[in-house]
Amino acid sequence: MVDIEKLRKEAKKILKEGKVKYIIGYTKSSQNFSASPVFITKPEDTSRLIWNPTCVQNLVKFIVDDKQKQCKEKEPDERPIGIMVKGCDSRAINVLIQEKFIDREDVYLLGVSCEELGVLDEKKIAKKLKGGKIEKVDFDKKKNIIISTKDGEVKIPIKEVLAERCLECRANFPVIYDTLYGEKVEREVKEPFKSLNQIESQSFKKRWNFWAEQLDRCIRCYACRSICPMCYCDECVADSINYAVTPETTAEEKAQKIQWIERSPDLSENIGYHLIRAIHLAGRCIDCGECERACPVDIPLRLLNKKLEKAAHELFDYDVGFDHEKPSLISSFKDEDPEDFIR
Amino acid sequence: MTKDFEPKIVAFLCKWCSSAGSDLAGVSRMKYPPNVVPITVMCSGSVSPLYIFNAFQKGADGVLVSGCHPGDCHYIKGNFYARRRIALVKELLDFIGLEPERFKMSWVSAAEGTKYTEIIKDFVKDLKPLGPQKKLRRDL
Amino acid sequence: MEKILTKKEFPTWIKNLESYHVFGPVKKETIWEYEKIKDPEKLDLNFPNTALSPKKIFFPQREVILDFNKNNKGEPEINESLPEKKPVVIFGVRSCDAKALTLTDHVFKEDPDDKYYLRRRNQTTIVGLTCNEPPSKNCFCTSLDGSPHSKEGMDILMTELEDKYYIEAITDKGKELIEKAKDVSKNPSEKDKDELKKVHKASEKKIKRQIKGLSKITDKLKNMFDSSLWDEESMSCLKCGICTYLCPTCHCFDISDEVTSSSPLKGQRVRTWDTCQFPYFTMHSSGHNPRPDKASRLRQRILHKFYYFVDNYGDYQCTGCGRCISKCPVDIDIIEVLEKVKDYE
C-alpha cells in the first residue's frame with residue numbers, strides 16, 4: 001500500500017527545507033475522472049497530493065518544459081524540482097539523464113509503486129458503463145473501482161479496466177527514485193508485447209488497411225508530440241513550418257530549408273509524420289501512453305512505438321530507461337547485431 | 001494489357017564502397033536493369049529514415065540502402081549504426097503493412113560490381129509482380 | 001412547416017436526397033465524425049457529439065487555394081481552385097455547433113470575403129438535432145445565450161421523440177429539404193407538439209454547468225493583460241493545441257506552398273489549420289516572438305474569446321460545447337479560468 005501521508009510529509013519537508021522550487025504531483029480533478037497535475041509551491045498545500053489508479057498523466061513533461069523555459073531566461077532558476085513518478089515515468093527520467101538533457105540532481109523523485117495494479121483507462125470504463133456518465137469514482141480495499149453514475153453504482157474489479165500498457169508493464173515500480181512509497185511487487189508478465197499480436201498476425205494487406213484507416217483520421221494537431229516528454233526538440237523535423245529563425249537568417253536560407261513533411265494532413269503526410277516520430281523515439285519511448293490518451297480522434301498511437309520497443313528488446317537486447325549509464329539504442333551497436341536482412 | 005510495369009528503385013549507395021562498386025559494374029560493361037536511381041551518400045550511416053520515407057512518398061517502388069562490409073567502413077563505425085537503424089526502419093515499415101520486398105539493404109564493396117548487378121536484377125524481379133507502390137506515395 | 005418522421009423512414013428521406021452531398025455523424029470505433037454518407041444506414045443520430053465540429057466541412061483541414069505549374073514555355077501558370085458546386089446537407093448538427101457557424105461567419109464574411117468558406121456555406125443546408133441529454137457533462141451552452149434546442153444557425157431542427165423525429169423548418173432551404181420527405185412524413189398531432197415542448201424544456205434543465213456574469217468578466221478582462229492569473233492557470237498547459245483544433249469557433253489558419261511534382265513542376269497553395277497555442281504561431285521572421293510563453297498564449301485565447309471578439313463582432317466566441325474541457329489532457333478548464341477572472345482582485 002502506498003502511504004500517501006508519508007509522501008505528503010516528505011513533500012512538505014523538502015519544500016520547507018528549500019530543497020526544491022516546487023513539487024509536481026497529482027491531485028483530485030474538480031471536473032474530470034482522472035487526476036489532475038498540480039504544482040505545489042507552499043508546504044501547506046501538500047495535503048492536496050493524492051495517489052490512486054486515476055493518476056494517469058506522465059508528469060515528466062513538465063520537467064522538460066521547465067528546463068526549456070530556464071534555458072531562455074536571463075537569470076535561470078536552476079533549483080531542483082520535486083516530482084511524483086510511477087514506474088514508467090521514472091524510466092522517462094532515466095532516458096532524459098541518459099541523453100544529458102537533465103542532470104540527476106535536477107530532480108527529486110518521489111517514487112510511487114503501482115504494486116499489482118496500474119492506471120485506469122477511461123475508454124474501457126466508458127465501454128463498461130455503456131454510455132453512462134461518471135459522477136464519482138471511489139476505490140475499495142478489495143481492489144475494485146466503484147463508479148457512481150446517474151443510474152446508480154457500478155462495482156468493477158480494477159484489473160478489468162486497467163490501461164493496456166499496464167497489462168504488459170515490466171516496470172511497475174520506479175527504477176530510480178529518492179524516496180519510494182509502496183512495495184516493489186514483481187509482476188510476471190507472460191506476454192510482454194501482447195497488444196501487438198493482433199496486428200502482427202495479420203497479412204500485410206490487412207495491416208495496411210488498418211493503419212490507413214486509423215491515420216487518415218489524424219488532424220495533425222500535434223498533441224501527441226506536445227505531450228510526449230521525449231519530444232523536446234525546439235525544431236521538429238516533421239513540422240517544417242516551425243523552424244526557428246534569427247534576425248541573421250537570410251532569405252535564401254529560409255527559402256531553401258527542406259520541408260520533409262508538409263503541413264497538409266493527407267494520408268501520405270500523416271503516415272510520414274507518425275513513422276518519423278516513431279523512429280525518432282526508438283529506444284527512447286517508455287510507453288507512458290500519453291500520446292494515445294491525448295489524441296482527439298482516438299488513433300492507437302502507442303502500437304507504433306511498442307513495435308519498436310519490441311524490436312529493440314528482441315533484436316538488440318535493449319530495454320528502455322532502466323539504466324541511465326548505458327548508451328542509447330541508436331548511438332551504440334554490438335558486433336552481434338542481426339544481419340540476416342542484409343544481403 | 002498495359003505495357004510491362006517497370007519498377008523504379010531508389011538506391012542510397014555509400015560513396016566509398018557501394019557507389020564505387022556500381023561504378024565498377026558500369027565500367028566493366030556489365031548488363032543489368034536500368035531501373036535504379038542511384039544516390040551517393042557519404043556513408044550508409046548517414047542515411048536518415050527521412051530519406052527512405054521521402055523516396056517512397058515521391059513514388060519509389062523499391063528502396064535500397066547499400067554500404068561497406070562491417071569492419072570496412074571508411075568512417076570506421078558508420079555501417080554498424082546503419083545496420084541498427086535500418087533494422088528498426090524495416091521493422092516499422094513491415095508493421096504498417098508495406099511489402100517487405102520493397103525495402104532492402106546490402107553490403108557491396110568497391111570490388112563487387114557483379115554482386116551489385118545481381119542485387120539489382122533480383123530486386124527488379126521481386127518488384128515486378130508487386131506492381132506500382134501506391135501505399136506511401138503521395139498522389140494529389 | 002412541421003412534420004413527423006419515424007426513425008424507420010429516416011433512411012428513405014436520405015435516399016431521396018441524391019442531388020445533395022449528404023454528411024452526417026458516423027461511428028468510428030470510439031468516436032463519431034461527420035462523413036459523406038453513401039449508405040443511409042451508416043448515419044448514426046444516436047451520438048453524444050462528434051469529436052470534430054462540422055466547421056471542418058466549411059473550413060477543411062486542408063483547402064487548396066490555387067494550383068500552380070510551369071507550362072511548356074517555361075512560364076508559370078496559376079489556376080484558382082474553388083470548392084465543387086453541389087448542394088450539401090449536414091444532419092445531426094448540435095445547437096452549439098450550429099451557433100458556432102454564425103460566429104465564424106462574422107470572420108469569413110468580413111472584407112475580403114472568403115469565397116472558399118462562403119461557397120460551401122451558401123450551398124449547405126444544416127439539419128440540427130436537439131440534445132435531449134447533454135452530450136457531455138462539460139456542456140454549458142445555456143450560459144452563452146444558447147440552449148440544447150436553439151435554432152440559431154440552422155435550416156431545420158430535428159427533435160427525437162421516442163421512435164420518431166419532430167422536424168421543424170426554420171428557413172426556405174429547410175422547407176425545400178423537408179419536401180423530399182413528403183411521402184414518408186406526416187403532420188404532427190397535438191400530443192406530438194406537447195411532447196416537443198416537454199422535451200425542449202427538460203433539456204435545458206439538464207445542463208449542469210453554468211457560468212454567470214459574462215459581461216462582468218468581459219469588463220474585468222479589459223484590465224487583466226498583465227495579470228499574474230495567466231501564469232498560475234497555464235502552468236500545466238502542454239501547448240498541444242487540442243482546445244483550439246476541436247473548438248467549433250476557432251478559425252486560425254496557415255498558408256503554405258507545396259510542390260507536388262518536380263518534373264513537370266507542379267504545386268499547390270494550401271490552407272491548413274493553425275493554432276495560437278503553438279509556440280511558433282506568433283514567431284516573426286525577425287526571430288522575435290511576442291507570445292513566447294504559455295501564460296501569454298492562454299491569455300490570448302481567453303481574451304480573444306471573451307473580449308476582443310465581443311469588441312469586434314458583439315458576440316462571445318464560445319458556444320459552450322465543452323470539447324476543450326473534456327479533451328484537455330491536463331484538465332485546464334475554461335469555466336474555472338473564467339470564474340477565477342470574475343473573482344480576481
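The values are calculated or read from the model by the stated rules, or taken from the named source; none is laboratory data. Please read these numbers as outputs of a predicted model, since none were measured by experiment. Positions of Cβ are backbone-derived with ideal geometry, glycine not excepted, and every protein chain shown enters the neighbour counts.
Numbers at a glance
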| item | result |
| --- | --- |
| Among residues of region B:103-128, those that are among the charged types (D, E, K, R) and out of contact with any helix residue (DSSP H, G or I) (no Cβ under 8 Å at 6 or more places or on another chain), counted | 5 |
| Selection within region B:111-134 - crowded, with 20+ Cβ neighbours inside 10 Å and either charged (D, E, K, R) or closer than 19 Å to B:C17 by Cα (or both) | B:E112, B:G113, B:Y116, B:T117, B:I119, B:I120 |
| Condition met for A:K61 (of a type in the set (K, R), touching a helix residue (DSSP H, G or I) at 6+ places or on another chain (Cβ under 9 Å), in contact (Cβ under 8 Å) with a residue 60 or more places away in the chain and not in a loop (DSSP other than H, G, I, E, B)) | yes |
| Members of region C:1-43 found to be among the acidic types (D, E) and away from chain A (no Cβ under 13 Å), listed by number | C:E2, C:E9, C:E18, C:D39, C:E41 |
| Region A:18-51 - residue that is within 9 Å of another protein chain (Cβ to nearest Cβ) and β-branched (V, I, T) and, of those, farthest from A:L7 (Cα to Cα) | A:V38 |
| Close pairs (6 angstrom Cβ cut-off, 6 or more residues apart or separate chains): of a type in the set (A, V, I, L, M) in region C:261-280, modelled with pLDDT of 90 or more anywhere | C:V270/C:R62; C:V270/C:V64 |
| Residue within region C:254-271 that is closer than 30 Å to A:Q70 by Cα and not in a loop (DSSP other than H, G, I, E, B) present | yes |
| Residue within region A:153-163 that is within 30 Å of A:Y318 (Cβ to Cβ), outside any loop (DSSP other than H, G, I, E, B) and touching a strand residue (DSSP E or B) at 6+ places or on another chain (Cβ under 9 Å) present | yes |
| Answer from A:I219, A:I147 - the residue that is in contact with a strand residue (DSSP E or B) (Cβ under 6 Å, 6 or more places away or on another chain), of a type in the set (A, V, I, L, M) and either closer than 25 Å to A:S90 by Cα or not in a helix (DSSP H, G or I) (or both) | A:I147 |
| Which numbered condition A:T54 fails, given (1) of a type in the set (V, I, T); (2) farther than 24 Å from A:D106 by Cβ; (3) within 11 Å of another protein chain (Cβ to nearest Cβ) | (3) |
| Candidate set: region B:105-140, residues that are facing chain A (nearest Cβ under 7 Å) and in contact with a strand residue (DSSP E or B) (Cβ under 8 Å, 6 or more places away or on another chain); chosen: the one modelled with the lowest pLDDT | B:R138 |
| Set C:R271, C:R291: member being crowded, with 17+ Cβ neighbours inside 10 Å and more than 10 Å from chain A (Cβ to nearest Cβ) | C:R291 |
| Test: A:C88 is under 17 Å from the mean Cα position of the chain (by Cα) and away from every other protein chain (no Cβ under 14 Å) | yes |
| Positions within region C:300-345 being polar (S, T, N, Q) and in contact with a Gly (Cβ under 8 Å, 6 or more places away or on another chain), in sequence order | C:T319 |
| Sole residue being within 24 Å of A:L215 (Cα to Cα), surrounded by fewer than 22 Cβ atoms within 10 Å (Cβ to Cβ), aliphatic (A, V, I, L, M) and facing chain A (nearest Cβ under 8 Å), chosen from B:L88, B:L50 | B:L50 |
